[in-house]
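The structure appears below as structure tokens.
The values are calculated or read from the model by the stated rules, or taken from the named source; none is laboratory data. The shown structure was predicted, so the numbers you read here are calculated from the model rather than taken from an experiment. Note that each Cβ is placed from the backbone with ideal geometry, even for glycine, and that neighbours are counted across all protein chains shown.
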Amino acid sequence: MSMDFTDKGINTKVTHAGENPDTIHGSVGVPIYQTSTFKFQDADHGARLFGGEEKGYIYTRIGNPTTNTFEEAVALLEHGYGGIATASGMAAVASVYMTYLGNGIHMVGTDAVYGSSRMIIENDFSRFGVESTFVDTADLEKVRQAMQPNTKLLYIETPANPTIKLTDISACAEIAHSHGALLVVDNTFMSPILQNPLELGADVVLHSITKYINGHTDVVGGVIITKTAEEFDKIKSMVNGLGGIMDPHQSWLVLRGMRTLSLRVQRGEENARTLAAYLETHPKIEWVRYPGLASHPQHELATRQMKGFGSMISFEVKGGIANGKTVLNNLKIPQLAVSLGGYESLIQHPASMTHANIPEADRKAAGITDGLIRFAVGTEDVEDLQADLAQALALI
Ligand SMILES: *Cc1c(COP(=O)(O)O)cnc(C)c1O
């Protein structure tokens, strides 16, 4: 029997959560059950497993001990009923969409969500009769106005990417529920350490594990966590049917990465606070957006619904992207690459990179200006990062 860590602190949970399935050798590290299928003890045992009368493993697409350890651990961190690991963050998003959307069903989403989370709705699910309205969910009046009698899903991302605008999770839960819809939150940017949407009224939370949870820039993965058994069963059945599962080796890697999640998140946040404050006073910076700055328009909401401000900063250099490129091309420590949440600092230009597939008018309307630079702050020494920014900005 594994210990119950439900009432323990977040660092203890991150370190220990999830049952180690090795009952034979007592290995401390979780074994990789690299198998596609599992042997039944006899014919009746197989029938009982398939009939759901007995718990056990049948086939890795349906469940695997290594993957299950990771799923249990993440569900505990998010205060959920259960977790469902997927091959990528987008497999998690698409599986949730497939579970709840259909012909004549409407969803409301944050306008500045992860690019593909919006594009697959507008370009692909629309072909199957799914209707959608993407609005600035930081403005609750706009959310209320977008809800329709056939709205079944309110899908938000907070902080939004890359505008760092926040959405009030509790208020959105109320709006969704009063319309008979579910609230789904993409919690990738905060990780389960800094924000727990299920505690604030959300029904489903998902993560791109590729980012903070794995944290080592070497695996792509996703996870969905539900508040109730009912939603868990629906989504689990869809993931099983679609097949976008996480494989056992991938699960082992992300579990290994996750054991240091709270250390990495805390260090990244300390660095980001210092750098955001530094950039804000720099004469060559036009603006900085970081939830931990008093100048962030929703700083009060950040303090209320987040347990920390994260390590994502957006800023614009004076002179727009022409000067911004000088900074991007001359930084020595942050690497010019998309993605975030790894141990190392990464920097990129959303209008020409992550968000280039969004039509220009929609991009502008969502507040993604051509000069916006997105900085994913890593766990390096902050003095080195600051000195690096200083030398690159001095070249303008
Ligand atoms: C990266 C990301 C995704 C997509 O995840 P993948 O693992 O790349 O498929 C979804 N949402 C957010 C907020 C992300 O940053």
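Condition first: touching a helix residue (DSSP H, G or I) at 6+ places or on another chain (Cβ under 9 Å) and surrounded by fewer than 16 Cβ atoms within 10 Å (Cβ to Cβ). Now tell me which residues in the range 287-306 satisfy that. Outline the logic, then answer.
Initial filter on the range 287-306 (touching a helix residue (DSSP H, G or I) at 6+ places or on another chain (Cβ under 9 Å)): 287-293, 295-296, 304-306.
Correct list: 287, 295, 304.
Taking residue 187, is it within 11 Å of the ligand (Cβ to nearest atom), touching a strand residue (DSSP E or B) at 6+ places or on another chain (Cβ under 6 Å), polar (S, T, N, Q) and under 17 Å from residue 78 (Cα atoms)? Break it down stepwise before answering.
Numbers: within 11 Å of the ligand (Cβ to nearest atom): yes; touching a strand residue (DSSP E or B) at 6+ places or on another chain (Cβ under 6 Å): yes; polar (S, T, N, Q): yes; under 17 Å from residue 78 (Cα atoms): yes.
Answer is yes for this residue.
Keeping to the range 111-137, report how many residues are in a loop (DSSP other than H, G, I, E, B), within 16 Å of the ligand (Cβ to nearest atom) and either of a type in the set (A, V, I, L, M) or not assigned by TED's automatic domain parsing to the domain that holds residue 164 (or both).
Our first condition is that a residue be in a loop (DSSP other than H, G, I, E, B); within the range 111-137, this holds for 111-114, 129-130, 136-137.
Filter once more, keeping what is within 16 Å of the ligand (Cβ to nearest atom): 111-114, 137.
Those still in the list that are either of a type in the set (A, V, I, L, M) or not assigned by TED's automatic domain parsing to the domain that holds residue 164 (or both) too: 112-113.
Residues meeting the conditions: 2.
Rundown of residues vs (1) within 18 Å of residue 118 (Cβ to Cβ); (2) of a type in the set (S, T, N, Q); (3) within 16 Å of the ligand (Cβ to nearest atom), yes/no style:
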| site | (1), (2), (3) |
| --- | --- |
| 296 | no, no, no |
| 304 | no, no, no |
| 329 | no, yes, no |
| 342 | no, no, yes |
| 346 | no, no, yes |
| 350 | yes, no, yes |
| 355 | yes, no, yes |
| 373 | no, no, no |
| 380 | no, no, no |
Checking 222, 215, 180 in turn, the sole residue that is touching a residue at least 40 places away in the same chain (Cβ under 8 Å), more than 12 Å from the ligand (Cβ to nearest atom) and either assigned by TED's automatic domain parsing to the domain that holds residue 335 or small (Gly, Ala, Ser) (or both) turns out to be 215
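Please enumerate the residues belonging to the range 278-313 that are hydroxyl-bearing (Ser, Thr, Tyr) and either within 19 Å of residue 391 (Cα to Cα) or touching a His at 6+ places or on another chain (Cβ under 6 Å) (or both). Outline the logic, then answer.
Pass one, the range 278-313, residues hydroxyl-bearing (Ser, Thr, Tyr): 278, 281, 290, 295, 303, 311.
Within the range 278-313, 278, 281 meet the criteria.
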With the first residue restricted to the range 359-385 and required to be surrounded by fewer than 13 Cβ atoms within 10 Å (Cβ to Cβ), and the second required to be among the basic types (Lys, Arg) and in a strand (DSSP E or B), Cβ contacts under 7 Å at 6 or more apart or on different chains are none
With the first residue restricted to the range 9-38 and required to be free of Cβ contacts under 8 Å to residues at least 40 places away in the same chain, and the second required to be among the aromatic types (Phe, Trp, Tyr) and in a loop (DSSP other than H, G, I, E, B), Cβ contacts under 6 Å at 6 or more apart or on different chains are 16/5; 38/57
Within the range 72-101, the residues that are in a helix (DSSP H, G or I), crowded, with 20+ Cβ neighbours inside 10 Å and more than 16 Å from the ligand (Cβ to nearest atom) are 73, 75, 76, 77, 99, 100
